[in-house]
Structures are given as structure tokens and as C-alpha cells.
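Note sheet for the following structure.
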Amino acid sequence: TSWGEWRRRHPDTLVLSLDTGYRRDYSEGAAYRDYFATDELMFTVPTIDQRLKNKDEVLALIFDEYPDQPLALAAGFLARNSLYTDRIGELDFIVLTDDSGANRVYESNGLRFTQWDEQFTVIDEQGQAWTLSEDKLQSTDGRVLRRLPAHRAFWFGWYSAYPATRLVH
């Protein structure tokens, strides 16, 4: 996401000052600029999978109910598919990628969603509007779908920890 988008959604956020008294480039990306300029890693990992570049970002999902079914969704794939539906075990879910690139995952309970404004509203196949919040999707008639855990990771790190990962890219 961007700072502007974060600030719009969370206006009470406080930020530490960049005026630390030390000479350091605190501009965005400065700390790891050289690291991200190549696909090389700082350390060895037990297993490399070349379906993606090492430092490509994925949205990583692993649910307590299905620990043997990890899933990684390539960030580039999600950028092209801002409304994505999938299933792990018996758990149906939807991944929504907003116009800032942030991803959120919600249970879908078998509902099919057909439209997404890439900000706050998703529409199901019955035409029902659902409003996105940080912890749930809520329909105008009061139904609630909970948010599910997911996080961004580098492909090399996630795959090293979960080599049985199903990759969507």
C-alpha cells in the first residue's frame, strides 16, 4: 500500500520522526536498494524453486485447519486479478486487491463475487453489496464474512519454509 492510502484509511496513525540526529538515507527503499537490485540472496536457503524469482512477492496463506496445504499467490497475479476466489480444504475464500495493491482475504462460504470496486465494495452474484473492513466483509442485510490470515512474503523464504506450497501465478 502507499502512505497516502494508509493515512486515508487510518487517519489517527502516528509516525516516528526521520530527524534522528544520524546521517542516513531514510528515503523509501534506500536501506535495501542494492539487495533488491539483484536476485541474489544474503544467505543460503535449503531449497530454491525457480517458478518465480527469489525476491518476487507472494501473498502467503496457511490455515490452522489445513496446515499441509500452504498456498502462495504471486503479487503480480493478484495485481492482474483483483478479485480472486480459491479454496483450501473445505474453506472457500476471496482475495481482494485494492487499487493501492494491498490484499485482504475473507471467507466466502461458497458465495460467488462478481464485481469489486478495488476500494470498499464487492458485489455477489445475487447483486448484494458487501462492504470491506479490516476484519470482515459485511452485507447490507447484515451477513458477515470474517477476514482470514495472510501476509506478504518473498517467494524464496516462503518456499523454503513450505516446499509443498501450491503456487498460483
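A short reminder: the numbers here are calculations on the coordinates, not readings from a lab. Just so it is clear, the model here is predicted, and its values are computed rather than measured. Cβ placement follows ideal geometry from the backbone for every residue including glycine, while neighbour counts extend to all protein chains displayed.
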Those residues of segment 51-64 which are surrounded by 10 or more Cβ atoms within 10 Å (Cβ to Cβ), of a type outside the set (A, V, I, L, M) and part of a loop (DSSP other than H, G, I, E, B), in sequence order: R51, K53, N54, K55, D56
Taking into account only those residues within segment 11-50 that are more than 23 Å from the chain's Cα centre (by Cα) and basic (K, R), which is surrounded by the most Cβ atoms within 10 Å (Cβ to Cβ)? R24
Does R166 satisfy the condition of being farther than 30 Å from P46 by Cβ and of a type outside the set (F, W, Y)? no
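What number of residues within segment 70-81 are under 19 Å from L132 (Cα atoms) and surrounded by fewer than 17 Cβ atoms within 10 Å (Cβ to Cβ)?
Of the residues in segment 70-81, 2 are under 19 Å from L132 (Cα atoms) and surrounded by fewer than 17 Cβ atoms within 10 Å (Cβ to Cβ).
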Enumeration of residues in segment 154-169 that are buried (at least 17 other Cβ atoms within 10 Å of the Cβ), assigned to a strand (DSSP E or B) and not aliphatic (A, V, I, L, M): F154
